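To start, the structure under review is shown below, and the notes come after it.
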Amino acid sequence: MKLIPPDLKRCQSEIKIYSPFDFGIANPKRCENKPLYVITEKKKPNGSMSVCSNCLKVAIKQIGKENFKTRKI
């Protein structure tokens, strides 16, 4: 499986948007912020993605900082 390289122009996180008409099903929307970091998985296949500062905080909370490396762009 070919990995998608980090996008240095736009954060690659997806934000779940909930609407009262979606019956509890979230519609993912890509974050529109400019990325400040590239995070890379420590485990194989070592995928990486660009993230803004807000999405980095969410990644740390959800995944744990010990599971990826962070590089400032």
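GNM remark for the chain: springs join alpha carbons under 10 Å apart, and the peak mean-square fluctuation among 54, 33, 46 falls on 46. The loop-placed chymotrypsin sites (Phe, Trp or Tyr not before Pro) in the chain, going by DSSP, that have at most 11 neighbouring Cβ atoms within 10 Å of their Cβ come out as 18, 21, 23. Once you've got the GNM for the chain with C-alpha springs shorter than 10 Å, pick whichever of 15, 63, 25 has the biggest mean-square fluctuation. Comparing 15, 63, 25 in the GNM, the peak value goes to 25. Relative to the longest principal axis of the Cα atoms of the chain, helix 53-63 runs at roughly 90 degrees. Over the stretch 14-72, the Kirkwood radius and the radius of gyration, each from Cα atoms, give a ratio Rg/Rh of 1.06. Positive-end ranking of 55, 18, 36 along the dipole of the stretch 14-72, with charges on Cβ about the Cα centre, is headed by 36. A cysteine counts as unpartnered when no other cysteine's C-beta lies under 4.7 Å of its own; in the chain this applies to 55. Placing +1 on the Cβ of every Lys and Arg and -1 on the Cβ of every Asp and Glu, with nothing else charged, gives the chain a dipole about its Cα centre of roughly 360 debye.
Computed from the coordinates by the stated procedures, all read-outs in this text should not be read as laboratory data. The structure displayed is predicted, hence computed values, not measured ones. No Cβ is skipped: glycine too gets one built from the backbone with ideal geometry, and neighbour counts run over all protein chains shown.
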